[in-house]
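Everything below concerns the one structure shown next.
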Amino acid sequence: MSITGLISIALGAILVENFILVKFLGICPFMGVSKKMDTALGMGLAVIFVMGVASMFCYLVNAFLLVPLQLEFMQTVAYILVIAALVQFVEMFLQKMVPSLYQALGIYLPLITTNCAVLGVALLNTQGKYNFIESVIYGITGGIGFTVAILLFSSIRERLDSTADYPEAFEGFPIALISAGLLSLAFMGFSGLKIW
Amino acid sequence: MSIKKQFRDGLIAQNPVLVQLLGMCSVLAITTSLFNGVGMGISVLIILTCSNIVISMLRKIIPSKIRIAAFVVVIAGFVTMVDLLIQAFLPDLSESLGVFIPLIVVNCIILGRAEAFSYKNGVLASAVDGVAQGIGYTVVLVVMCILREFFGNGTFGAGILGRAGEGIRIIPSEYTALLIVLPFGGFITLGCLIAAMQWALKRQKTKNSDKEVSK
């Protein structure tokens, strides 16, 4: 696998095919946890970690368990179980070993199980027939793309709540969706991006 | 709780998408043609009803500590069944919905209803709840699809109606706004729909309170 191939996967996952703004994966935490910038950053870091590790484990489960046993149709069930177990394990590990990080992430850690970006990255890895290294890179950079989007969005939203003037009916969620739409319009500018 | 009230809740007062704001990912991602919207809506309707029934039957057996894991396994089982059925009988739909069919597993609507309703209520009520919420979801999907397809492609019913499933052309193709079919349009359309819903609910509320005042 060439380095340029990996770089193009990475660039694609962060900018061109951003998980939130182009692929629409992980909208719930994107909308739910983006009111303040520091919680958004914590969520983003947790998602990077879980997406990287989840794509690694799901690749291994698929390659060494499901394919040899011809159980590919059980992919969805197997992946969601792997992810749920993984998140639980990460939670216990952090609680024991890195309590400060565990405190910072708080409630967002268990919520990652139902983040469709995590299951999505595992399924997309299988669909795209990525090998082990490509899967891990795609998982991690997909998480970075998630973090970039949620950070940008949370800084917009902080300003939206304090100073913006919009029609009453748009209060709360609708105006957030509209600003997310404008953000995704900006990300469309990357759509022609290629490194060679 | 009466069946009529449950349907009213599912469609309007507690609409899963417009009021409870659940299951955004699929609503935004796949509403580009009527075919997609109807297919996705019916899949979710079936999965939601089945998982609601099974979870409410098992609600006394499942210990509350591991209930989320148990819900996810039940839901994933039904999603896999529906996914395989669609792959076998509707390959076109399977191709255009892609990864979003297996992702119904983590759709917050289904997990949300399991947690909020069927884990606490009887089998019949849960089944009705599944149907009502599923219809509420489908209606929103179909409305989004019609709007986005109309402005973005200038057609109605792509994938179902018209010659070769291209849909009935309403706006000539030179005058369409392709942007509405792209991700940007998804966010904007849903934002406007939710705003309209908030406006309508608020207006109804003030009307009701006005009535009470005049009494």
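The values are calculated or read from the model by the stated rules, or taken from the named source; none is laboratory data. Since this is a predicted model, take the numbers as computed values, not measurements. Neighbour counts run over all protein chains shown; Cβ positions are idealised from the backbone, glycine included.
It is to be established whether one or more residues within the stretch A:157-164 are of a type outside the set (Lys, Arg) and within 28 Å of A:ILE9 (Cβ to Cβ).
Checking the stretch A:157-164: not a single residue is of a type outside the set (Lys, Arg) and within 28 Å of A:ILE9 (Cβ to Cβ).
Which ones in the stretch A:35-72 are exposed (fewer than 14 other Cβ atoms within 10 Å of the Cβ) and touching a Leu at 6+ places or on another chain (Cβ under 7 Å)?
A:GLU72, the sole residue that qualifies.
Looking at A:VAL118 and the list (1) of a type in the set (A, V, I, L, M, F, W, C); (2) in contact with a Gly (Cβ under 6 Å, 6 or more places away or on another chain); (3) at pLDDT 85 or above, which single condition is not satisfied?
The failed condition is (2).
Could you tell me which of the residues B:SER94, B:SER126 is among the hydroxyl-bearing types (Ser, Thr, Tyr) and within 14 Å of another protein chain (Cβ to nearest Cβ)?
It is B:SER94.
I'd like to know if the stretch B:161-172 contains one or more residues that are touching a residue at least 40 places away in the same chain (Cβ under 8 Å), more than 12 Å from every other protein chain (Cβ to nearest Cβ), exposed (fewer than 14 other Cβ atoms within 10 Å of the Cβ) and under 25 Å from B:ILE86 (Cβ atoms).
Looking through the stretch B:161-172, at least one residue is touching a residue at least 40 places away in the same chain (Cβ under 8 Å), more than 12 Å from every other protein chain (Cβ to nearest Cβ), exposed (fewer than 14 other Cβ atoms within 10 Å of the Cβ) and under 25 Å from B:ILE86 (Cβ atoms).
Tell me which helices (runs of 4 or more DSSP H) are completely within the stretch B:1-87 and hold 1 or more residues being surrounded by fewer than 19 Cβ atoms within 10 Å (Cβ to Cβ), or say none if there are none.
So the answer is B:3-8, B:34-57.
Looking only at residues in the stretch A:154-196 that are of a type in the set (Val, Ile, Thr) and within 24 Å of the chain's Cα centre (by Cα), which one is nearest to the other protein chains (Cβ to nearest Cβ)?
A:ILE178
Only helices (runs of 4 or more DSSP H) wholly contained in the stretch A:14-122 count here; list those with 2 or more residues that are within 14 Å of another protein chain (Cβ to nearest Cβ).
Fully inside the stretch A:14-122 and qualifying: A:27-32, A:37-61, A:75-97, A:108-111.
Just checking, does the stretch A:123-136 include any residue being crowded, with 17+ Cβ neighbours inside 10 Å, modelled with pLDDT under 90 and β-branched (Val, Ile, Thr)?
So far as the stretch A:123-136 goes, yes, one or more of its residues are crowded, with 17+ Cβ neighbours inside 10 Å, modelled with pLDDT under 90 and β-branched (Val, Ile, Thr).
For the stretch B:6-27, indicate whether the set of residues that are more than 12 Å from chain A (Cβ to nearest Cβ), more than 19 Å from the chain's Cα centre (by Cα) and of a type in the set (D, E, K, R) is non-empty.
So far as the stretch B:6-27 goes, no, none of its residues is more than 12 Å from chain A (Cβ to nearest Cβ), more than 19 Å from the chain's Cα centre (by Cα) and of a type in the set (D, E, K, R).
Pull up the stretch B:88-101, narrow it to residues that are in a helix (DSSP H, G or I) and in contact (Cβ under 8 Å) with a residue 40 or more places away in the chain, then point me to the one that is nearest to A:GLY120 (Cα to Cα).
Of everything passing the filter in the stretch B:88-101, B:PHE100 is nearest to A:GLY120 (Cα to Cα).
Considering (1) at pLDDT 85 or above; (2) of a type in the set (S, T, N, Q); (3) within 26 Å of A:LEU111 (Cα to Cα), say which one B:GLN14 fails and leave the rest.
(1)
May I ask you to verify whether B:VAL79 is free of Cβ contacts under 8 Å to residues at least 24 places away in the same chain, within 12 Å of another protein chain (Cβ to nearest Cβ) and of a type in the set (Val, Ile, Thr)?
No, not satisfied.
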